[in-house]
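To start, the structure itself, in structure tokens.
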Amino acid sequence: MRRNIQSESKKTITMLQRLTELYYRLTLERPLVIGLATLLLLAVAVWFSQDFKLDASSDSLVLENDQDLRFYRAVRARYGSDDFLMVTLQPKVGLFTQESLSNIRKLRDELAGLERVESVLSILDVPLIDSPRVSVSELQEQVRTLETEGMDIAKARLEFRNSPLYRSLLTSVDEKTTALLVYLKHDQVQSELQNQRDQLWEKQMGTKLDAQELEKLKGISAEIKQHNTRIQAQLRGDIIAVRAILSRYRRAGEIHLGGVPMIASDMIGFVDGDIRMFGIGVTIFLIILLTIAFKRPRWVLIPLLICLVSAVVMVGYLGMMDWRVTVVSSNFISLLLITTLSLSVHLIVRHQELHAEDPGRSQLWMLKETMRSKFAPSIFTSLTTMVAFASLIVSGIRPVIDFGWMMVVGIGMAFCFAFMLFPAALVPLKAGTPVLRRHDATAAMTRSLANTIERHGNTTLVIYLLIVVLGVVGIGKLSVENRFIDYFKESTEIYKGMVLIDQELGGTTPLDVVLEPDRQFLQSLSGEGGVDPEPDLEEPGVAAIDGADKGDVSEEKFEEDMDFDLGAEFEEESGGISGESFWFNMFQLADVQRIHEYLDSLPETGKVLSLYTTMSMMTMLNSDVPLDNMSLAVVHKRLPDDIKAQILDPYMSKDGNQIRFGIRVIDSDINLQRDVLLKKIKRDLIEKFNLEEGQIRLSGMLVLYNNVLQSLFRSQILTLSMVFLAIFGMFLLLFRCWKLAAIGVVPTVVAAGIILGLMGWLGIPLDIMTITIAAITIGIGVDNAIHYVHRFRVELARDGDYWGAVKRCHSSVGRAIYYTSITVTLGFSIMALSSFIPSIYFGILTGIAMVVALIGNLTLLPLLLVKLKPIKAG
């Protein structure tokens with residue numbers, strides 16, 4: 001058996017030797033082949049880069065397989081979409097003057113004339129029932145609006161001020177602001193595709209899909225991607241067209257554009273701008289830094305060539321695979337350039353060290369020795385960085401998952417290009433003169449750090465201990481609660497529009513409270529039980545909506561006001577909605593009123609619309625006399641369809657067994673805590689209104705966004721645990737010593753902890769961008785630790801002197817660590833120019849983390865190596 005093992009080992013060694021020889025033949029003896037292959041690959045990548053796409057759809061900003069997302073789509077399908085554009089106008093003259101109404105009319109007509117606009121709702125279009133008061137019969141004959149001839153503008157103004165439906169929806173309380181709601185045409189194809197995919201996803205969660213179903217799911221997902229591309233292109237065109245129209249009316253007053261479609265479209269613009277700015281900015285920084293550090297053109301052009309080839313090929317690959325870039329992954333170009341440069345700098349520094357030691361050596365020998373000595377640490381640093389990014393896959397957040405996979409593939413490409421192009425580009429060139437001197441400023445600085453920690457080792461450890469304690473306390477202060485409005489600069493139209501809508505028009509973020517019948521009613525429908533036909537009339541809240549005993553509302557009075565024969569109508573309507581529904585009767589409507597008033601009383605909520613809003617208007621139609629069950633059935637039948645579509649259908653299902661409270665939450669409220677609010681609403685509906693838990697479903701963009709935020713803590717713990725264990729395993733595999741592996745990960749784990757603690761102390765919440773900082777810090781920071789420990793073992797083997805090895809490491813690999821860390825830090829600082837606030841935080845905080853990791857690798861790491869002595873000297 002021993003002979004078999006030895007035989008296998010010899011075969012493995014022989015295979016490695018052959019691969020090494022093949023590698024040298026390709027890169028050092030046939031550099032032209034490498035050059036031609038690279039050009040061919042670049043041509044293919046440039047071709048496929050035409051298919052490179054951005055994504056800001058709802059799928060790109062939600063949790064994987066979020067069940068609330070499917071319910072949200074079902075609610076939108078039943079009650080109407082919240083995907084409308086909101087145009088706000090603050091006229092320079094009075095809102096109800098002829099000049100302002102004329103401008104609103106012209107603006108509405110121009111917007112309605114756009115191809116993909118379904119309808120536009122303004123103060124000119126909504127039915128007025130109290131200017132003067134009309135009955136149901138009169139409403140059937142004519143729906144009066146502000147444009148109706150002879151309309152009393154003064155009375156209409158009073159109705160808009162007092163209307164439970166229009167106030168803070170179409171007009172502000174101070175009557176200085178109005179809104180036009182621009183509804184875009186519904187995309188039925190997209191809804192059907194999403195429903196098919198959601199059904200397969202749901203089935204996959206319970207059972208394993210067969211091959212045919214998996215292929216169908218793959219096909220539908222691809223079709224959705226292609227359809228989303230067309231929709232996004234159409235939407236951007238729509239937004240451009242709308243803004244072009246609005247620009248012609250800015251003289252009439254202050255105009256802002258808001259709404260979910262506009263935010264999605266502008267986010268695409270942010271992503272596109274960030275990719276261009278980050279890529280160009282980082283490239284300029286690389287040129288400047290390489291010029292300062294290495295001075296000679298070759299040491300600027302060759303690393304730059306490797307970086308650009310890696311970036312272009314990666315963009316082409318993403319286009320070929322139809323892999324969309326989101327807000328989270330918009331910085332992948334800059335990250336890829338930074339990590340590629342890090343590999344190149346280590347190769348340059350090693351090459352120049354060899355050149356400085358023996359200027360007479362040939363270029364071929366120096367390149368062979370450089371690639372040989374740097375292969376092991378470079379492949380392990382690449383693998384550890386890939387592992388760090390791969391840990392993001394467990395986050396459960398789709399854009400974070402995609403970002404992780406993109407960087408895994410990109411870093412793999414960067415390693416291959418660095419080790420192929422670096423020797424192939426240099427071998428035709430003469431060695432020249434070395435640019436790194438033993439006593440240059442960088443070497444002097446790194447050596448001074450070695451001398452400092454040698455003299456003040458214990459003090460340094462105490463300082464680190466105190467910093468770690470502060471970091472742990474800061475981590476305890478971390479929060480995931482953040483306002484969506486804070487993602488944007490105050491100068492952006494998104495921010496300005498959201499603030500105005502929050503302050504004047506009832507809030508920005510949609511939240512739906514959907515209520516179902518109770519179990520007793522459901523059992524009665526299925527024949528398993530019954531409902532009490534005569535609920536207690538004295539239950540709290542009934543008088544508030546009825547205003548009097550049932551007997552106070554006479555049939556004669558109702559017939560007189562409504563102008564029809566109640567007996568005949570009710571006989572025809574005897575099977576109507578009131579008799580079959582759970583909610584649409586005078587007894588349950590009392591609870592609806594109480595729930596509505598409760599939701600409206602919450603400080604976080606703005607405008608609340610519900611069936612109670614409808615009933616308030618129907619009561620006005622009935623001369624301010626509340627309707628009984630008989631009257632409800634008749635009025636429901638006689639209301640014109642267009643009136644039903646505006647005041648009834650958005651809040652109650654056709655059978656009356658499900659109702660919806662449409663709430664808009666004040667996102668700019670500094671005290672807003674989404675998760676606390678959602679839990680409070682659900683708890684209070686159960687405890688204060690005796691609803692069953694199964695009756696209550698919360699939906700809307702606020703719920704989906706909160707689901708993402710609340711998953712961040714779990715995701716952060718999972719990603720950090722994964723990256724720590726994986727990198728510890730990589731160290732163990734590389735150095736075959738558990739003590740050395742543990743020491744190697746300490747500096748970067750400390751750096752990640754410090755930066756998370758700093759976020760806690762500064763009150764910077766976790767979001768879909770900052771959640772990646774810790775994993776990236778460990779992944780990139782640990783690269784330098786690997787290079788340092790690898791070199792430390794070599795230096796220690798020379799004379800067994802621990803402090804001597806530390807000083808030699810600081811003078812050699814320490815300079816490479818310094819150059820790469822400074823480059824990474826300044827590269828991340830480019831993100832401070834983004835229009836997206838989380839990208840700014842990400843860039844600044846990751847840059848700080850890189851500086852902390854640099855200091856840790858040049859102070860804490862060597863101290864631990866000397867104190868713990870994990871390697872036998874000599």
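The values are calculated or read from the model by the stated rules, or taken from the named source; none is laboratory data. None of these values were measured; they are calculated from a predicted model. For neighbour counting, all protein chains shown are included, and Cβ atoms are generated from backbone atoms with ideal geometry for every residue, glycine included. The protein model used for the area step is the full one, side chains on, heavy atoms only, and it has no ligands, DNA or RNA in it. Shrake-Rupley method; radii C 1.70, N 1.55, O 1.52, S 1.80 Å.
Okay, here's what the table says:
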{"quantity": "Simple spin-label estimate for residue 214 and residue 445 in nanometres, 7 Å along Cα-Cβ", "calculated": "5.3 nm"}
{"quantity": "Relative contact order for the chain, counting Cα pairs under 8 Å that sit 6 or more residues apart, in percent", "calculated": "19 percent"}
{"quantity": "Solvent exposure, largest accessible area first (probe 1.4 Å, DNA, RNA and ligands not counted), of 213, 99", "calculated": "99, 213"}
{"quantity": "Euclidean distance between Cα centres, the stretch 672-735 to the stretch 67-88, Å", "calculated": "22 Å"}
{"quantity": "Solvent-accessible area of residue 597 with every protein chain in place, 1.4 Å probe, in Å² to the nearest 10", "calculated": "90 Å²"}
{"quantity": "Estimated inter-spin distance, residue 98 and residue 739, nm [label 7 Å along Cα→Cβ]", "calculated": "9.5 nm"}
{"quantity": "Test item: Cα-centred dipole of the chain, Lys/Arg +1 and Asp/Glu -1 on Cβ, debye", "calculated": "9220 debye"}
{"quantity": "Cα centroid of the stretch 757-816 to Cα centroid of the stretch 135-170, whole Å", "calculated": "70 Å"}
{"quantity": "Amide H contacts under 5 Å for residue 184, placed H, 5+ residues apart", "calculated": "85, 118"}
{"quantity": "Karplus (6.51, -1.76, 1.60) ³J(HN,Hα), θ = phi - 60°, over the stretch 482-489, in Hz, Gly and Pro reported as x", "calculated": "8, 8, 4, 5, 6, 6, 10, 5"}
{"quantity": "Evaluated at q = 0.05, 0.07, 0.09 Å⁻¹: base-10 log I(q)/I(0), Debye formula over Cα of the chain", "calculated": "-0.39, -0.68, -0.96"}
{"quantity": "Counting DSSP beta bridges with both ends in the chain, the antiparallel % (nearest 5)", "calculated": "95 percent"}
{"quantity": "List 365, 47, 583, ordered by accessible area with a 1.4 Å probe, largest first", "calculated": "47, 365, 583"}
{"quantity": "Förster radius 35 Å - calculated FRET efficiency between residue 832 and residue 867, Cβ distance, rounded to 0.05", "calculated": "0.40"}
{"quantity": "In Å, descending, principal axis extents of the Cα set of the stretch 366-522", "calculated": "85, 46, 42"}
{"quantity": "Relative contact order [Cα under 8 Å, 6+ residues apart], the stretch 662-746, whole percent", "calculated": "18 percent"}
{"quantity": "Å² of accessible area per residue within the chain, as computed with a 1.4 Å probe and no ligands counted", "calculated": "43 Å²"}
{"quantity": "Cα-projected label distance for residue 245 with residue 36, points at 7 Å along beta-carbon direction, nm", "calculated": "5.9 nm"}
{"quantity": "With all protein chains modelled, accessible area of residue 223 [1.4 Å, Å²]", "calculated": "100 Å²"}
{"quantity": "Candidate residues 701, 407, 413: accessible-area rank, largest first, probe 1.4 Å", "calculated": "701, 413, 407"}
{"quantity": "Directionally averaged projected area (convex hull, Cα atoms, the stretch 304-356), nm²", "calculated": "4.0 nm²"}
{"quantity": "Part-to-part distance (alpha-carbon centres) for the stretch 593-668 and the stretch 414-477, which is given in Å", "calculated": "67 Å"}
{"quantity": "Carbon/sulfur fraction of accessible area - the chain, other protein chains in place, 1.4 Å, %", "calculated": "58 percent"}
{"quantity": "Unit Cα scatterers, Debye sum, the stretch 324-428: log10 I(q)/I(0) for q = 0.13, 0.19 Å⁻¹", "calculated": "-0.54, -0.89"}
{"quantity": "Long-range Cα-Cα pairs in the stretch 185-299 (distance over 23 Å), rounded percent", "calculated": "60 percent"}
{"quantity": "Cα-only Debye scattering, the stretch 777-832: base-10 log of I(q)/I(0) at q = 0.17, 0.18, 0.19, 0.23 Å⁻¹", "calculated": "-0.58, -0.62, -0.67, -0.85"}
